[in-house]
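For reference, the structure is listed below as structure tokens.
The values are calculated or read from the model by the stated rules, or taken from the named source; none is laboratory data. Because the structure is predicted, anything quoted here is derived from the model rather than measured. Here the Cβ positions follow ideal geometry from the backbone for every residue, glycine too, while neighbour counts run over all protein chains shown.
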Amino acid sequence: MASIGYWVSEAHRGTGIASTAAGLAAEIGFNELGFTRLEIVVLPENVASNKVARKIGATLEAEARNRILFKGRTAGAFVYSLVPEDIVGG
């Protein structure tokens, strides 16, 4: 199991680079590294990051309380998962 995270500079947002990179990371994780599960953890209000997770085929599994530390405080987050069957070629 591993996690995928992404951050894109403001100048490159909206170009598809995050979904391309996250999708490639998932393919490598499954096909070359042998992971059986990948997770993406996203703040609910982060519309762009939630969109990326859905675009690469991740399934929203839960809204977890106190899941991450953000700006020095605990915050709830959406937990998405990917398994090999979710990725073309997986």
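Assorted remarks:
- A single member of A18, A77, A26 is within 17 Å of M1 (Cα to Cα) and either surrounded by 14 or more Cβ atoms within 10 Å (Cβ to Cβ) or modelled with pLDDT under 95 (or both), and it is A26.
- Looking across the range 32-46, the residues that are closer than 15 Å to L69 by Cα and loosely packed, with under 15 Cβ neighbours inside 10 Å come down to P44, E45, N46.
- Among residues of the range 59-80 that are without any contact (Cβ under 8 Å) to a residue 40 or more places away in the chain, those with a beta-carbon under 9 Å from a residue that is surrounded by fewer than 11 Cβ atoms within 10 Å (Cβ to Cβ) and hydrophobic (A, V, I, L, M, F, W, C) at least six positions away or on a different chain give the pairs A75/L69.
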